[in-house]
1. List, please: which pairs have Cβ atoms under 7 Å, are six or more places apart or on different chains, and start with a residue in segment 352-374 that is polar (S, T, N, Q) and end with one that is surrounded by 12 or more Cβ atoms within 10 Å (Cβ to Cβ)?
2. For segment 149-169, indicate whether the set of residues that are part of a loop (DSSP other than H, G, I, E, B) and of a type in the set (A, V, I, L, M) is non-empty.
3. Just wondering, is there one or more residues in segment 232-244 that are buried (at least 18 other Cβ atoms within 10 Å of the Cβ), under 21 Å from the mean Cα position of the chain (by Cα) and farther than 26 Å from residue 295 by Cα?
4. Consider residue 140 against the criteria (1) in contact (Cβ under 8 Å) with a residue 24 or more places away in the chain; (2) outside any loop (DSSP other than H, G, I, E, B); (3) surrounded by fewer than 19 Cβ atoms within 10 Å (Cβ to Cβ): it satisfies all of them except one. Which criterion is unmet?
5. Looking at segment 146-153, is at least one residue within 15 Å of the ligand (Cβ to nearest atom), at pLDDT 95 or above, surrounded by fewer than 23 Cβ atoms within 10 Å (Cβ to Cβ) and of a type in the set (Gly, Ala, Ser)?
6. Name the pairs whose Cβ atoms lie under 6 Å apart, with the first residue in segment 323-351 and part of a helix (DSSP H, G or I) and acidic (Asp, Glu), the second buried (at least 24 other Cβ atoms within 10 Å of the Cβ) and modelled with pLDDT of 95 or more, and 6 or more positions between them or separate chains?
7. I need a count of the residues in segment 80-118 that are away from the ligand (no atom under 13 Å from the Cβ), part of a helix (DSSP H, G or I) and without any contact (Cβ under 8 Å) to a residue 60 or more places away in the chain.
8. Yes or no: residue 280 without any contact (Cβ under 8 Å) to a residue 24 or more places away in the chain, part of a helix (DSSP H, G or I) and hydroxyl-bearing (Ser, Thr, Tyr)?
Amino acid sequence: MVVDSMNPYATALAQFDASADLLNLPQATRAMLRMPKRELTVNFPVKMDNGTIKIFTGYRVQHDITRGPAKGGIRFSPEVSLDEVRALAMWMTWKCSVVGIPFGGAKGGVTCNPKELSSGELERIARRYITEMAIVIGPMSDIPAPDMNTDGRIMAWMMDTYSMQVGYTVPAVITGKPIAIGGSEGRLEATGRGVMVVTREALKWCGMSLNCSVVVQGFGNVGSVTARLLQEQGCKIVGLSDIRGGVFCPDGIDVQEALAYVQEHGYLEGLPGTEPVSNTALLELPCDVLIPAALENQITDRNAAAIKAKLVVEAANGPTTPEADRILQERGVTVVPDIVANAGGVTVSYFEWVQDLQRFFWGAQEINERLELIMVRSFHAIMQEAERRQTTLRMGAYMVAVARSAEAIETRGIYP
Ligand code: GLU
């Protein structure tokens, strides 16, 4: 098969195939795990503020539901396509498997540019999308959450819309909600906190100190929390970026100041005491740890040889293409794969769902302790698997995840 390395679904399939080969997966199990279970595409009309009607396209892909209800976020972005959603849904299956939470994998998206939409338009898109998706989602079947360009406010509209359809309040149908309507303590910063924990564990494994230099690409929910928490752990954050571009300071950037600056100016551009760098140059800056926390396909065969970091922690989903992965491996760069590195978000989503179903809520400390335990345990499991099989952390993670999903499929058997 000719792999289009810039198509995330081709990347996801290549990663799966490599692990299925190593695991010697039986043909039937392999075929079942390779294909998404269900895909729903919807085209729906939305009234725009200027009175016109615009048609939007939305997707929900459930990759696998063997280990439990489908789980995964919904993104709003101009790049959303069926193949991107398929890839992200497959990665959710492995993510839930590798950290051992009882969900399958799903993802959703609407092709739109939130930067060009008013709050009212965004709300109408979110509500209509969830209405269209009501035939496949539910607290026992498929539970969405935030992803790129979606947040607690949008989750609230979605939960409200679903609840209006069924006639009673169903908090457990969506996670990543505001606390006032059944959200969980710690969910907002869970992905970044998980990235911080695995970075700390990976540094120990590589024999590196926490007193190291870090570059974070992306300053959204994941990137900003990761940078802040790593700084609290003693790391020096030397580079940051957002969609406009990056900022660099070899002596270290104060993340709290950067957050306050972005709050006021909207972007990192012009942050006092820093030099501007392009998003491309940012990835090649001298540093010990590089954390891509933005989009797919950021580390490719074009820049992998120029990356200076010794450790790459994938806070984004799919930031490294398979060719780049090979180059990094040859160069001895350790990569903590996305399916473990950013699994903190879905882990606390699981806690939120459990709390909603039980109508019994836990405190922030309990959430963070449980998250820490799962992240540390998962990192150590993939590290041991990688060492045992003399392979990369990515393959170690895939071995654990795919084997767990395969065992579930084989144990349940084929119906009828
Ligand atoms: N969108 C997040 C992810 O990619 C979280 C998904 C969830 O909480 O269900 O992992």
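1. Listed by first residue and then by second, the contacts come to 355/184; 355/361; 355/362; 368/186; 368/193.
2. There is no residue in segment 149-169 that is part of a loop (DSSP other than H, G, I, E, B) and of a type in the set (A, V, I, L, M).
3. Looking for residues that are buried (at least 18 other Cβ atoms within 10 Å of the Cβ), under 21 Å from the mean Cα position of the chain (by Cα) and farther than 26 Å from residue 295 by Cα, one finds none in segment 232-244, hence no.
4. Against the list (1) in contact (Cβ under 8 Å) with a residue 24 or more places away in the chain; (2) outside any loop (DSSP other than H, G, I, E, B); (3) surrounded by fewer than 19 Cβ atoms within 10 Å (Cβ to Cβ), residue 140 comes up short only on (2).
5. Looking through segment 146-153, at least one residue is within 15 Å of the ligand (Cβ to nearest atom), at pLDDT 95 or above, surrounded by fewer than 23 Cβ atoms within 10 Å (Cβ to Cβ) and of a type in the set (Gly, Ala, Ser).
6. 338/314; 338/317
7. Final tally of qualifying residues: 4.
8. yes
The values are calculated or read from the model by the stated rules, or taken from the named source; none is laboratory data. Keep in mind it's a predicted model, so treat the numbers as computed, not measured. Cβ atoms come from the backbone with ideal geometry, glycine included; neighbour counts cover every protein chain shown.
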